[in-house]
Amino acid sequence: MTALAHGFGDPVTDAQQVFHAAMNALARPGRPQPLTSGLEPPRPMTPELAAIALALADHEAPIWLDPALAAASGAADFLRFHTGAAVVADPGRAAFALIADPGMPLPVEQFALGTAEFPDRSTTLVIAVEDLSDTNGWVLRGPGIADRQSLLAAPWPHALADIVRLNSAVFPRGLDVLLAAPGRIVGLPRSTRFVEEI
Amino acid sequence: MTAQSATHTAPETGYNFAYLDEQTKRMIRRAILKAIAVPGYQVPFASREMPMPYGWGTGGVQVTASILGPDDVLKVIDQGSDDTTNAVSIRKFFKRTAGVRTTTRTGEATVIQTRHRIPEQPLGEGQVIVYQVPIPEPLRFLEPRETETRKLHALAEYGLMHVKLYEDIARHGHIATTYAYPVEVAGRYIMDPSPTPKFDNPKMHMMAGLQLFGAGREKRIYAIPPYTQVRSLDFEDHPFRIQTFSHPCALCAAEGVYLDEVVMDDRGGRMFVCSDTDSCEERREQGHRGAMLADTPAALKGESSHV
């Protein structure tokens with residue numbers, strides 16, 4: 001039996017700071033926001049994925065894990081212990097989906113998209129990447145962006161183009177995405193559109 | 001009055017930081033994130049009882065409590081003023097429960113909670129404005145059933161609202177709605193900007209700061225992200241117009257700002273002064289003088305009145 005990795009050192013302040021980064025990330029799509037995580041979750045869960053889950057998930061907000069995390073020993077236990085959230089197999093029930101392997105295809109249309117009356121009842125996807133940059137790359141437009149915003153993620157998540165296309169088709173329903181690289185996160189709310197693809 | 005940028009004070013013991021428990025904050029934070037993702041859409045949330053009555057800003061207070069961090073600087077205004085009961089007590093509430101710094105200076109604040117006004121000074125990228133909202137549903141007085149208004153929003157069926165504005169024109173010759181004037185956010189949802197005067201509606205359009213709205217009794221949170229199109233509803237032949245004032249502020253001579261009427265006596269005496277007290281004070285400090293501004297008595301200036 002292995003010891004459980006620790007949670008937030010200061011749960012109140014740490015959760016506020018992670019939320020603050022997520023709020024600014026979704027309010028200013030494509031612009032990287034600093035996010036420091038002192039967590040050492042079981043791999044392949046990254047410290048940033050863990051920080052977002054611990055800050056925002058609880059017994060009212062179930063978590064779905066991608067195959068890489070679901071197969072990892074200790075990832076689900078770590079989340080259950082620290083958040084009290086249910087780890088669900090059905091993507092349609094998930095408030096948050098944690099994706100450690102951005103290279104794999106995702107069941108995009110099976111996540112909760114919300115309803116026309118309650119578009120907020122939808123899954124937020126948190127996808128780990130290795131690097132995020134806003135100097136060049138795809139060009140984004142939408143609420144939260146003054147004119148245009150560039151975004152490049154490495155590796156580029158396999159499902160992202162499908163998600164953005166789906167979002168423009170079903171808005172105001174849709175999926176909101178947080179991309180989490182070491183030390184920084186980027187938000188792509190469902191209102192964001194790609195104007196130029198590279 | 002001077003800016004009260006008190007240093008960090010130790011928060012009251014026995015309460016969590018900023019009063020709310022962590023589970024409540026998480027629930028509200030999730031609602032805020034969804035509100036930002038769907039601009040103008042009202043997200044239901046499990047509003048808590050607060051140690052103040054409904055109508056005193058329980059929705060705004062819960063939003064502020066959920067976003068506030070120890071390094072934030074809080075400003076609270078009520079009808080533009082930092083000095084009214086509501087503003088003073090909410091500022092004190094967060095000083096005691098969170099120990100955050102408070103200010104009356106718009107430029108110094110990172111979080112501004114407001115009832116009924118948007119500051120005259122444009123907000124910057126690092127600022128969040130939290131509106132206290134009494135009735136979040138713009139269609140409520142036209143359609144009392146929540147199930148129906150939800151359907152109208154889902155279908156973007158907003159003809160009713162235009163009929164209401166048209167009836168204004170039929171009855172008064174112009175659109176007579178002067179506050180809580182409906183806006184269309186990012187080309188999709190019709191939203192109630194809370195009972196701010198329509199004078200402030202243009203400030204919401206493409207604002208650099210994040211705008212969050214909390215309605216405690218009605219249990220709704222909604223948002224306008226920075227740099228978002230906000231259009232006040234109107235007609236081609238009756239375009240949206242803001243209020244204009246024939247006189248400048250009687251204390252600081254500002255023009256193009258929102259003025260409050262102050263009745264001076266029972267013989268018709270009155271003055272018009274800035275509703276935004278901070279903007280008015282800053283202008284007077286810069287030397288702007290309105291027609292009715294009195295000279296500060298020498299004793300108050302700190303100069304000796306004795307020779």
Self-check item: Against the rule of thumb 2.2 N^0.38 Å, how large the Cα Rg of segment A:11-190 comes out
Solution: 0.95
Self-check item: Radius of gyration, Dmax [segment A:32-137; alpha carbons; angstrom]
Solution: 13.9, 40
Quiz item: What's the Cα-based Rg to Rh of segment A:112-192, Rh via Kirkwood?
Solution: 0.97
Practice problem: Return the whole-Å distance between the Cα centroid of segment B:158-194 and the Cα centroid of segment A:108-173. | Solution: 32 Å
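What is the projected area of the convex hull of the Cα atoms of segment B:244-293, averaged over all directions, in nm²? Provide the component values of the computation, followed by the final result.
Working: hull surface 13.3 nm².
If you wrap the Cα atoms of segment B:244-293 in a convex hull and average its projections, you get 3.3 nm².
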Quiz prompt | Candidates A:ILE163, A:ILE145, A:ILE185, ranked by Gaussian network fluctuation over chain A, Cα under 10 Å, top entry | solution = A:ILE145
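Scaled to the compact-protein estimate 2.2 N^0.38 Å, what is the alpha-carbon radius of gyration of chain B, rounded to two decimal places?
Working: Rg = 20.7 Å, N = 307, 2.2 N^0.38 = 19.4 Å.
For chain B, the normalised Cα radius of gyration is 1.07.
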Quiz item: Anyone know which of B:GLU236, B:GLU255, B:GLU143 comes out most mobile in the 10 Å Cα GNM of chain B?
Solution: B:GLU236
Quiz prompt | Peptide B:65-72 - average C-beta neighbours from other chains (10 Å radius) | solution = 3
Quiz item: Can you give the average number of partner chain beta-carbon atoms within 10 Å of each beta-carbon in peptide B:125-136, as a whole number?
Solution: 1
Practice problem: Compare the peptides A:34-42, B:182-190 by average per-residue count of other Cβ atoms within 10 angstrom and give them in order, highest first. | Solution: B:182-190, A:34-42
Exercise. For segment B:74-81, just list the computed ³J(HN,Hα) in residue order, Karplus coefficients 6.51, -1.76 and 1.60, θ = phi - 60°, integers in Hz, with x standing in for Gly and Pro.
Key: 9, 10, 10, 10, 10, 6, x, 9
Self-check item: Relative counts (whole %) of C-alpha pair distances in the protein assembly as shown, using bins that are 10 Å wide
Solution: 4, 18, 28, 25, 15, 7, 3, 1, 0
Self-check item: B:ALA156-B:ALA170 pseudo-label distance in nm [points 7 Å out on the Cα-to-Cβ vector]
Solution: 2.7 nm
Self-check item: ³J(HN,Hα), Karplus 6.51/-1.76/1.60, whole Hz, each residue of segment B:162-175, x for Gly, Pro
Solution: 5, 4, 4, 5, 5, 4, 3, 5, 4, 7, 10, x, 7, 6
Practice problem: Between B:PRO134, B:PRO225, B:PRO70, find the one with the highest GNM mean-square fluctuation for chain B; connect C-alpha pairs within less than 10 Å. | Solution: B:PRO70
Self-check item: Antiparallel content of DSSP bridges confined to the protein assembly as shown, in %, to 5
Solution: 55 percent
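Across peptide A:172-179, how many C-beta atoms of other chains are within 10 Å of each residue C-beta, on average?
3
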Quiz item: Treating the beta-carbon of each Lys and Arg as +1 and of each Asp and Glu as -1, no other charges, what is the dipole magnitude of segment B:223-284 about its Cα centre, to the nearest 20 debye?
Solution: 80 debye
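A short reminder: the numbers here are calculations on the coordinates, not readings from a lab. The structure presented is a predicted model; accordingly, all values stated were derived computationally and were not measured. Virtual Cβ from ideal backbone geometry, glycine too; neighbours counted across all protein chains shown.
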